[in-house]
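Heads up: the structure comes next, in structure tokens.
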């Protein structure tokens with residue numbers, strides 16, 4: 001399907017800093033494409049790596065995708081040296097052992113919650129590994145994420161010590177989040193809302209009504225509807241440092257690939273209501289254009305139109321999320337703005353953001369303090385700029401000695 005007609009909302013280029021690099025995109029094509037496209041991407045990637053002189057085993061992009069790369073090497077008979085193949089095979093076997101352990105612990109947790117009459121919805125990692133990847137080993141799971149009601153969240157900590165869990169961070173009314181860690185070191189995250197950013201929310205009652213019954217780790221539980229799964233994966237990646245792992249890309253791609261009947265109208269409605277249309281349009285535009293995900297062009301254009309209508313706080317939160325992982329420097333954000341209208345949006349965000357945004361980000365409880373924050377904000381940015389220049393000068397001076 002041609003993407004030539006796809007329109008882009010304001011700030012799309014600046015927000016593209018949250019997307020994988022060109023090198024990572026090549027490896028993602030190797031993992032997710034058909035044989036011919038995967039072979040072309042593999043040859044191009046090897047050519048670039050040979051030209052740069054860096055060995056396969058020292059490549060950070062490879063480390064993020066090892067099980068999927070090993071699967072692609074096997075499926076497409078990709079050319080690889082013996083050392084590289086051994087490295088990928090070892091990583092895959094380690095992931096098999098880890099997947100079995102995570103699955104066992106998850107089964108015990110879900111059985112206990114069922115016994116205590118909780119109503120859990122399993123999120124992200126293990127839910128996606130078992131429902132869209134085909135082979136759970138291909139999706140690394142570093143924790144277990146479960147959505148509970150507010151009432152269940154406050155009671156959850158009392159039941160898990162019997163399975164070797166201890167509380168790592170207590171639940172509170174603001175975070176609506178409870179983190180526990182099993183004696184094996186595996187974290188368990190309980191949530192009572194989908195997103196850490198309070199502004200990005202869909203009513204949990206609706207999410208529960210649309211959730212689907214599914215066997216997870218051998219236990220009947222519930223998972224999100226495909227459209228809301230896709231929104232959750234991309235929405236979380238828009239502000240989380242974990243997006244650097246690239247799992248959000250493969251999660252989203254497999255959701256789309258596994259659900260050709262995905263309810264795009266529902267996804268568009270949820271994106272609008274949860275204020276995520278702008279970052280979602282950037283993420284799904286990338287999946288469609290660079291990884292050939294089968295996303296309808298009509299939907300992408302409707303999503304782009306919705307993103308174009310976002311208000312000031314939505315754009316400011318999207319910019320803040322882009323900087324969350326440290327890869328969205330102010331210099332790079334300005335470089336990627338395409339016109340003066342976008343630069344004005346960026347400058348307003350830096351110096352004069354909306355009062356609602358400022359109250360949320362700086363946790364201002366008394367609106368009478370707003371003028372002081374507006375005065376302090378440009379001074380803080382100027383201080384950061386001077387400090388960055390000073391550090392660069394010190395580094396250059398040290399190298400010159």
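The values are calculated or read from the model by the stated rules, or taken from the named source; none is laboratory data. Here the structure is a predicted model, which is why all the values come from computation and not from measurement. Counting neighbours? That spans all protein chains shown, and the Cβs are built from the backbone with ideal geometry, glycine included.
Scanning segment 334-351 for residues that are over 24 Å from the mean Cα position of the chain (by Cα) and outside any helix (DSSP H, G or I) gives 338, 339. When we screen 205, 168, 192, 213 for residues that are surrounded by fewer than 16 Cβ atoms within 10 Å (Cβ to Cβ) and under 19 Å from residue 143 (Cα atoms), the only hit is 168. All of 79, 44, 96 fail the test of being surrounded by fewer than 18 Cβ atoms within 10 Å (Cβ to Cβ) and not in a helix (DSSP H, G or I), apart from 79. When the test is whether a residue is part of a strand (DSSP E or B) and at pLDDT below 90, residue 155 does not pass it. Can you pull out every residue in segment 352-393 that is surrounded by 10 or more Cβ atoms within 10 Å (Cβ to Cβ) and assigned to a loop (DSSP other than H, G, I, E, B)? If the condition is that a residue be surrounded by 10 or more Cβ atoms within 10 Å (Cβ to Cβ) and assigned to a loop (DSSP other than H, G, I, E, B), then 352, 353, 354, 362, 364 are the ones that fit. Residues in segment 195-208 that are in contact with a strand residue (DSSP E or B) (Cβ under 9 Å, 6 or more places away or on another chain), under 24 Å from residue 317 (Cβ atoms) and modelled with pLDDT of 90 or more: 207 only. Screening residue 173 with (1) under 25 Å from the mean Cα position of the chain (by Cα); (2) modelled with pLDDT of 90 or more; (3) over 22 Å from residue 241 (Cβ atoms); (4) surrounded by fewer than 19 Cβ atoms within 10 Å (Cβ to Cβ) gives one miss only, at (2). Number of residues in segment 76-119 that are in contact (Cβ under 8 Å) with a residue 60 or more places away in the chain and farther than 22 Å from residue 248 by Cβ equals 9.
Applying a threshold of 6 Å to beta carbon distances and a minimum spacing of six or more residues, or different chains, the list of pairs starting in segment 359-373 at a residue that is under 14 Å from residue 198 (Cβ atoms) and ending at one that is exposed (fewer than 10 other Cβ atoms within 10 Å of the Cβ) is empty.
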